[in-house]
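J.: Below is a structure I'd like to ask you about.
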Amino acid sequence: MGNTPEIWFPHLGIQIQHLSRTAFTVFGKEIYWYGIIIGCGVLLGLLLALHEAKRTGQNPEDYLDFALYGMIFSVIGARLYYVIFSWETYKGQFWKIFAIREGGLAIYGGIIAAIITAIIYTRKKHMNFWLLADTAAPSLILGQILGRWGNFFNREAFGGYTDTLFAMRYLKEQVGYIAPSVMEHLVEANGAWYVQVHPTFLYESLWNLGVFAILMLMKYHKKFDGQIFGFYLFGYAAGRVWIEGLRTDQLMIGNFAVSQLLSALIIVASIVLMWYRKNSEKMKG
């Protein structure tokens, strides 16, 4: 068992012997890689937004102020979203709602909270919401590219069984929830049992990288304020529609995955939004 890899991509020939979810400890408290990765994503996203604000003649200080509010309310929104759609877990145990270190943040809740915060912030500051949204959109997707790798360290947010090129194996005893469909396809190797699954964190990270590249090109050729933000919503939601279909740990409403339903609605809304903004600018012209 000493040479048994904890994570294994058998068809790619990649083996990781040991990968701890804890980066280090401070006064006996474990600091997780998940938090560090999220923090790096936020920092890089902020630096990118500040650079874009300077490039477009905006005041970078406005984005520093917004980042503070955005981070606070995004975490609250991400937690509320998760709790609402996992209410059976928290019903009668209200103190667990605040136990964020135990996990349970939903990215869509964070995005929704960030948008609401931006609407209120721009109104208070008499700023152009659509310009702020265009400036922040590449930063959001950059943070999401990095953030998904936190799921890799936590051994979570993976898909169902697969034996395709990118199939990934986790040691069974190191994984939390394992869907029955995955349990039916456990793999024994080197005297250990593995779950073999779709690395959906990797799929989404790569998909978001493609969306990020398009947004970075679009910012030099956009025709109207709101175009970059609209495409961000469309591109991100389009990826979530198919990737969520591979996962086995979705938040559900009846027989439907919440994120898939919301993603489909966002795709339609983003198309309407871009059409509306384009025609609004034409009417002004």
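Each value in this text was obtained by applying a stated rule to the coordinates, not by laboratory testing. Given the structure is predicted, the values throughout are model-derived calculations rather than measurements. All Cβ positions, even for glycine, are placed from backbone atoms using ideal geometry, and neighbour counts span all protein chains on display.
J.: For the stretch 25-43, give me each residue that is β-branched (V, I, T) and more than 19 Å from R155 (Cβ to Cβ).
T.: Correct list: T25, V26, V42.
J.: Within the stretch 129-140, can one find any residue that is touching a residue at least 60 places away in the same chain (Cβ under 8 Å), in a loop (DSSP other than H, G, I, E, B), surrounded by fewer than 18 Cβ atoms within 10 Å (Cβ to Cβ) and not charged (D, E, K, R)? Working first, answer last.
T.: Of the residues in the stretch 129-140, the ones touching a residue at least 60 places away in the same chain (Cβ under 8 Å) are 130-140.
If we keep only those that are in a loop (DSSP other than H, G, I, E, B) as well, we get none.
Looking for residues that are touching a residue at least 60 places away in the same chain (Cβ under 8 Å), in a loop (DSSP other than H, G, I, E, B), surrounded by fewer than 18 Cβ atoms within 10 Å (Cβ to Cβ) and not charged (D, E, K, R), one finds none in the stretch 129-140, hence no.
J.: Being among the hydrophobic types (A, V, I, L, M, F, W, C), in contact (Cβ under 8 Å) with a residue 24 or more places away in the chain and buried (at least 16 other Cβ atoms within 10 Å of the Cβ) is the filter here, so list the residues in the stretch 99-128 that pass it.
T.: We begin by selecting, within the stretch 99-128, every residue among the hydrophobic types (A, V, I, L, M, F, W, C); these are 99-100, 105-107, 111-116, 118-120, 127.
Retained after the next criterion (residues that are in contact (Cβ under 8 Å) with a residue 24 or more places away in the chain): 100, 105-107, 111-114, 116, 118, 127.
Answer for the stretch 99-128, where residues must be among the hydrophobic types (A, V, I, L, M, F, W, C), in contact (Cβ under 8 Å) with a residue 24 or more places away in the chain and buried (at least 16 other Cβ atoms within 10 Å of the Cβ): L105, A106, I107, I111, I112, A113, A114, A118, M127.
J.: Collect the residues in the stretch 238-260 that are loosely packed, with under 15 Cβ neighbours inside 10 Å and part of a helix (DSSP H, G or I), keeping them in residue-number order.
T.: W242
J.: With E61, E88 as the choices, which residue is acidic (D, E), more than 30 Å from A189 (Cα to Cα) and under 25 Å from the mean Cα position of the chain (by Cα)?
T.: E88
J.: Pairs only if they're at least six apart or on different chains, beta carbon under 7 angstrom, first in the stretch 165-192 and within 12 Å of P10 (Cα to Cα), second among the charged types (D, E, K, R) and assigned to a loop (DSSP other than H, G, I, E, B); list them, first residue then second.
T.: The qualifying pairs are Y170/R155.
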